[in-house]
Structures are given as C-alpha cells and as structure tokens.
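A short worksheet on the structure shown next.
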Amino acid sequence: MSDLFELSQKAVGELRGVGPTLGARLATLGIISMADLLLHLPRAYEDRRQLRRIVSLRVGEQAQIEGVVVSQRDLPGRRPGLEVLLRDDEGEILLRFFNMRAGRRHAPELGARLRVYGEVRAQGPRLSMLHPQIEHDNTLALIPTYPLVEGLRQGQLRALIAAALRQLDVDDGLRIDGWSLHRSLHYLHQPPHDADLALLTRARHPAQYRLIVEELAAQQLALLRHKQAAQQRPAWILRQDEALRQQLLAAMGFTLTPAQARVVDEILHDLGRGQALQRLVQGDVGSGKTAVAALVAAQALHAGWQVALMAPTDLLAEQLYSKMQLWLAAVGQSPAFLSGRITGKARRQLLLRLAQGEQGLVVGTHALFQAEVSFQRLGLVIIDEQHRFGVSQRLALRDKAAAGHEAHLLVMTATPIPRTLAMSCYGDLDCSVIDELPPGRLPITTVVLPQNRRAELMLRLRDTCRQGRQAYWVCTLIETSDSLQAQAAEDCHAELCEALPELRIGLVHGRLSGEHKAAVMQAFARAELDLLVATTVIEVGVDVPTASLMIIENPERLGLAQLHQLRGRVGRGQQDSYCVLLYGAELGAAGRQRLALMRQSQDGFFLAEQDLLLRGPGEFLGTRQAGVIGLRIADLQRDADLMSTANALARHWLELPEPELMRRHQLWQGERSRFARA
Ligand code: ADP
Ligand code: MG
C-alpha cells in the first residue's frame, strides 16, 4: 500500500532479486529508490500486439510473426551461423543467427512452431530477420523497451518494474487532464492494447505530458524556492552616486550604449530595494558586459561593501583584473587578485584583508569559492561567463555573505541562452539583456577554407601581419585532456614559427603557468606580438581590440556557440575583421551545415538556438551544467512548449503546505538535487 512518494523512500534493494551487483548497475542508471525505477520510462515500444502474416511484411519494419520451421542449415564461413526457414500459411522467411552459441541454444526443431520478433530485411529476393527475438510466452502486447546499461537485460528490467508497479497502489490526488501519477505510470509501463503508439512514440500522450509537466514543475519549484528564500533575508540597500558614475565613465572613455545604460539602471534599481538582487545579464560577445560590471561594482564599493568578481579561468580573471585596475583607479579603488597561483604569504595576507574588510574588490577564479575565503561584509557577487559554473557554485559564493544579510548576485553570460534553457537553469534569476553592440563595430567576414589551402592562408596571414594587424590562430582538439591540447598548440606554434620567421608569434595554452599566460597576453595586447597561437582557453572574454584576424583550425570540432565566442575575439576595433574557419578533411554534412550557419549569421542568439537544436542541451551547456539540470523524463527541446504550464504549476505549488511541497521536491529531485543544492 504505497504511493509514489512513499516508494521514493524505499530502496530498489528491497525488491526480490536485487542484490549488490544488480543494485550497482541500476544505480548507474540513476535508479536508487523504487520511485526512480518507476520513473525510468520506456524509450520506445515494440508493437507485438499482433501476429503479422509473412506475406504482408515490408523490408525495414519491425514485426512479430509465427510459423513452422520447415528447414534449417548451418552457414559456413568466418562467422559460422545457422539459418532457419520459417513458414506460415502463405509465406516464408529466413531467420539467421550468427552467434553460434545463441543459435545452437535456440536451434529449433523441424516442424516446431516458433514465434519471433525482429526487423525485416531483404536477403537477395527473399525476406529475412537477423537475430530475431524468440518469444516464449503467448501474450500479445505493446512491449516497452528501456534504456539499459551493460549487464542488464530488458526482460530483467521489465520484471523489476512490474514488481514495483504492484506496490504502487495508492493514487496521489493531483491530476492533470484526468491523469494522476499513478495512472500515468501504470499506463506507460504496461500500455493497454488500444494505446496510441504514434502518440507514445512522440512523447505526446497525456500520460507522458502528465509526468513531463510535473518534472519540469518540480525543477521550477526548486529554483523559485531558492529565489523566495533569498528574498526573505534582508540585503543591503544601495543609493546610487551619480557623480561617481560620471567619473568612472570619463575614465572608460566611451559613452554607454542605451542597452548598457538600461541594464545598469535595472541593476541599480534592484540594489536599492532591500531585497537581494538576483539577476542574469545576457549579452552577446563584445556587447560590453565588463563595463556594466565595473559601474555596478564601483557603486557597491563606494557604499562600503565588499565585492567579489569571478571569472571561470585564470586568463579571464587576470584580464578582468587588469581592466578593473585601470578603470577603478579613477574612483580611488584598487582591486586584489586571487587564484590558485596566489600562494604563501601573499595569499594569507589577502585572505586576512578580505576577512577584516580592508580589501574592497577581489577579482579571481573559483578559488573565491573556497572555504578559507571569508569576507567581512560581502555585498555583491558578480560572476562573469556563468555558463561555466554550476548552480551550486553560484549559491555557494553567495553564502559567503555576512550572517543576516544576503549578498546581491549578478551573473553575466556571453552565451545567449535560449529561453527554455534559461528558465531551466536560471529560473531563480531575473534577466536583463544587452541587446546591442557598441557603435562602430564592423561586421566580421567569415570565410570557410579546407585544410589543403593552409599554405595559401599562411601567406595571407604574413601579409596581414606585415600591415600591422594582429591575429589569433586557435588549435582545437577533440580530446579534452589539457596536455594533448597543449601539445597540439605547441606543434602548431613550432610549425608557424618555422614557416613565418618574420612574424612575432606567441603561444598560450592551459598547461602554462598563470603568470606566463598573463605575460603573453599582455605582450599581445601591447602589440608586441603579431600572432597568438592558442587553444580554446581564449574562447571567452579575451579582449584585445587591435586583433582583427581569427583563424580557427578544425572548427567542425566545436559547437556553434563556442565558435561564435571565438570569433567574437575579433571585430572589436576600428578595422575590418575576418574569421577563417580552416576545416579538416573529415567534414560531414552536419559539419558543413554548421560552418555555413557561421558564415551566414553573426547573431549570437540565433546561433545558440541552432546549436541547441543541433546538439541538444547536454552538449550545449557542457556536461557539468547538464548534470545540474538533471531531468529524467522531460527534454528541454522537445518539451519547450510545456515550460510555461510547468512554471504556472510550480507557482501554484508554492502555496502548498511545506510537507506536501517537500514531497514533490524529494520525488523528482531526490538524489540528484544533492549536488544542485547549495
Ligand atoms: P563582453 O560583453 O564580451 O564581455 P567586453 O566587456 O569585453 O564585452 O567589451 C568589449 C569591448 O568593447 C571592450 O574593449 C570594451 O572596452 C568596449 N566597450 C564596451 N562598452 C563600450 C561602449 N559603450 N562604447 C565603446 N566601446 C565599448
Ligand atoms: Mg566579457
């Protein structure tokens, strides 16, 4: 006598036959509790509701047939096999087995009746099935097939799920279009004879809707609750100092774009409310997010708060640091820098100054998250290039605020996030968009070239640099290992140095020390280098306005969003800029399509959306973030249209009594939410 919530408290190990080995296999599928097991939904159904007549079969379809074995013979050759001829009233089909052991084991006797299920193929002029499943029971039904792992069989999983279903015998009350959790799960695991297979296959059956909406709602609920909790704690109130703003703008040497000014105002308005700011700023590459951060940070520092500004890599943190140093000097502030490479006495001193509130602004990497870092009155946290960080990290940093006060949180991302994903990852944040670029930006011309024109490209590169322009050459590698990437970049650097001795060529990759990288970047920024060979470490944020040529090797290895980020390193100055996509030999149709999109569009939002379509959310966000999204059933692309229904349901749930609410949360996010929680 249990409902699904109760089953979420029972381990699968309680089911008969689930020992440690099977338990571990199930765990790799994310199945810990019996509810997890029931929420492990079929990925497809085999239609075994009818027996087909052999004459009616078409090549390519899956079918179940029954007939009599009329002959069989061994198939000689490198992979010996067995061939059986099966006949029903009007037709014949060959069944072929190549795994001899399996073939022998099932070798049917002449004259035996046999029922099999499989894909129909052509064997010369005849029909055949390769390794069909031999059916031993006589039920005719829609048979679910589940995602599996090594060592787990469909039949085993079906039996376990059936056992868990027998324990799910109490309904949960909440119905959507007449469907309760209970009814939906029974339906999907054991669909009735008349189920609409087409709907099920497209995940558009009301039973599936019911579960998808609830899962999305549970996720929205978690984010809404974070937001609510933060709003209930008091936050410092900031009054903008107009003179300070003018002073800083003068130091920056440009006027804000209307979009930047609007976003700064939105943020400052939030900071004046006494409730924690929780805002995401999205702005395409080069839209000037750093200036927005500087203006807001300056106000916060002026009000006497401490400010933490964080970037995902050493290189970016360094660069952000030098920019802040440059700009904020005008308003009498000097930032400090913290990353893994600040060690020993310097580190201890900085930590002390932060803890005692003597240091106002600190710029750094995720080193800022570490437990040893504490602040006396942290008022504002700004995270640049957010998509590299998980939700939990964001919440961890905010928790460094002094007791009793919530720190304001500003997140800036250069990867425009399609709306459904944004709701899913950032549902707890308000959103501002910097939707225009600073004036005078010239479009970047994108050229797609095959590797066999590399030599030609080098000559052009030499001429370009001789005219006083600067260029990037980005090496990409599928391997994610730092050392392999570094090696590729080193090889490429050596090759270019040899081929182009007249150029001054620098090299940055993830294996170099932070100091070394910073020195090379500074040399490039001061135009002491003509060409910078780099790995994708320069993907986000690097800002050297005098560079006007970007060469990306094997761009087919990267996603559109990443290519767009890389390309955005040029086109920041007054000169015409170019991006050359130097593709490899193995470019397939999909790769071709992606490169064509790059050539056609310079709109980050459009490209991000296309990227999401082409690669799916996991790839798009990186596995880390995808793990944080942690959806079991819903698919952010397929189910985008259900997002607002889910959001409305989540808002409705917020009104429920706490225990009820926790149950919903526990059920869907249980095990998984541990790492999404702060
Ligand atoms: P991103 O949004 O990609 O982080 P940055 O903040 O690095 O962009 O800004 C890109 C470049 O544009 C920088 O060189 C910056 O100084 C410059 N910039 C920013 N805002 C303006 C503006 N309003 N007018 C002119 N240049 C600007
Ligand atoms: Mg930036």
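The values are calculated or read from the model by the stated rules, or taken from the named source; none is laboratory data. All values reported here derive from a predicted model rather than from experimental measurement. Quick reminder, even Gly has a Cβ in these numbers, built from the backbone with ideal geometry, and neighbours come from all protein chains shown. Just so you know, the surface numbers come from the protein's heavy atoms only, side chains and all, with ligands and any DNA or RNA stripped out. Shrake-Rupley method; radii C 1.70, N 1.55, O 1.52, S 1.80 Å.
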A589: passes all of (1) more than 29 Å from the chain's Cα centre (by Cα); (2) surrounded by fewer than 19 Cβ atoms within 10 Å (Cβ to Cβ); (3) hydrophobic (A, V, I, L, M, F, W, C) but (1)
Matching helices (runs of 4 or more DSSP H) fully within segment 185-285 where at least 3 residues are open to solvent by less than 30 Å² (accessible area, probe 1.4 Å), more than 15 Å from ligand 1 (Cβ to nearest atom) and farther than 30 Å from R48 by Cα: 206-232, 258-271
So which residues in segment 487-542 are touching a residue at least 60 places away in the same chain (Cβ under 8 Å), within 16 Å of ligand 2 (Cβ to nearest atom) and not small (G, A, S)? M521, T536, V537, I538, V540, V542
Scan of segment 454-473 for residues that are in contact (Cβ under 8 Å) with a residue 60 or more places away in the chain and either over 18 Å from D491 (Cβ atoms) or of a type in the set (A, V, I, L, M) (or both), ordered by number: L457, L461, T464, C465, R469, Q470, A471
Quick check on L607: is it open to solvent by less than 30 Å² (accessible area, probe 1.4 Å), outside the structural domain of L320 (by TED's automatic domain parsing) and within 16 Å of ligand 1 (Cβ to nearest atom)? yes
Check S2 against each of (1) over 26 Å from the mean Cα position of the chain (by Cα); (2) closer than 22 Å to Y187 by Cβ; (3) crowded, with 19+ Cβ neighbours inside 10 Å and name the one condition it does not meet. (3)
Could you say whether any residue in segment 319-333 is open to solvent by less than 10 Å² (accessible area, probe 1.4 Å), assigned to a helix (DSSP H, G or I) and away from ligand 2 (no atom under 16 Å from the Cβ)? yes
Give all pairs with beta carbons closer than 6 Å in which a residue from segment 637-651 that is closer than 16 Å to L174 by Cβ and open to solvent by 70 Å² or more (accessible area, probe 1.4 Å) meets a residue that is of a type in the set (V, I, T) and in a helix (DSSP H, G or I); count only pairs at least 6 apart in sequence or on separate chains. T645/V213
Exactly one of these conditions fails for A291: (1) within 14 Å of ligand 1 (Cβ to nearest atom); (2) in contact (Cβ under 8 Å) with a residue 40 or more places away in the chain. Give me its number. (2)
Could you say whether any residue in segment 408-422 is more than 16 Å from ligand 1 (Cβ to nearest atom), surrounded by fewer than 22 Cβ atoms within 10 Å (Cβ to Cβ) and either modelled with pLDDT of 90 or more or not assigned by TED's automatic domain parsing to the domain that holds Q356 (or both)? no
What is the number of the single condition among (1) at negative phi; (2) modelled with pLDDT under 70; (3) more than 16 Å from ligand 2 (Cβ to nearest atom) that G404 does not meet? (1)
For segment 54-69 the number of residues that are in contact with a Lys or Arg (Cβ under 7 Å, 6 or more places away or on another chain), closer than 24 Å to T139 by Cα and open to solvent by 40 Å² or more (accessible area, probe 1.4 Å) is 2
Those residues of segment 318-337 which are more than 13 Å from ligand 1 (Cβ to nearest atom), under 26 Å from T415 (Cα atoms) and touching a residue at least 24 places away in the same chain (Cβ under 8 Å), in sequence order: E318, Y321, F337
When every residue in segment 462-502 that is open to solvent by 80 Å² or more (accessible area, probe 1.4 Å) and of a type in the set (A, V, I, L, M, F, W, C) is compared, the one modelled with the highest pLDDT is L484
Which one of these is over 42 Å from the mean Cα position of the chain (by Cα) and not hydrophobic (A, V, I, L, M, F, W, C): R183, R78? R78
Hand me the list of helices (runs of 4 or more DSSP H) wholly inside segment 577-645 holding 3 or more residues that are at pLDDT below 90 and of a type in the set (A, V, I, L, M, F, W, C). 604-621, 623-629
Every residue in segment 286-310 that is within 16 Å of ligand 2 (Cβ to nearest atom) and either out of contact with any Leu (no Cβ under 9 Å at 6 or more places or on another chain) or charged (D, E, K, R) (or both), please. K289
Which is within 16 Å of ligand 2 (Cβ to nearest atom) and open to solvent by less than 10 Å² (accessible area, probe 1.4 Å), of L582, L560, L566? L566
Going through A523, A488, A527 one at a time, which residue ends up being of a type in the set (G, A, S) and either closer than 30 Å to A596 by Cβ or in the same structural domain as V285 (by TED's automatic domain parsing) (or both)? A488
Taking segment 9-53 as the search range and keeping residues that are open to solvent by 60 Å² or more (accessible area, probe 1.4 Å) and among the hydrophobic types (A, V, I, L, M, F, W, C), which one is nearest to L157 (Cα to Cα)? I32
Here the qualifying pairs (Cβ atoms under 8 Å; residues six or more apart or on different chains; first in segment 118-131 and free of Cβ contacts under 8 Å to residues at least 40 places away in the same chain and outside any strand (DSSP E or B); second hydroxyl-bearing (S, T, Y) and open to solvent by 80 Å² or more (accessible area, probe 1.4 Å)) come out as none
Just checking, does segment 428-445 include any residue being closer than 21 Å to R569 by Cβ, more than 15 Å from ligand 1 (Cβ to nearest atom), in contact with a strand residue (DSSP E or B) (Cβ under 6 Å, 6 or more places away or on another chain) and of a type outside the set (D, E)? yes
Write out, first by first residue and then by second, each pair whose Cβ atoms fall under 8 Å of each other, whose residues are 6+ apart or on separate chains, and whose first residue, in segment 348-371, is part of a helix (DSSP H, G or I) while the second is β-branched (V, I, T). L350/I342; L350/V362; L351/V373; L354/V362; L354/V373; A367/I342; A367/V373; L368/V362
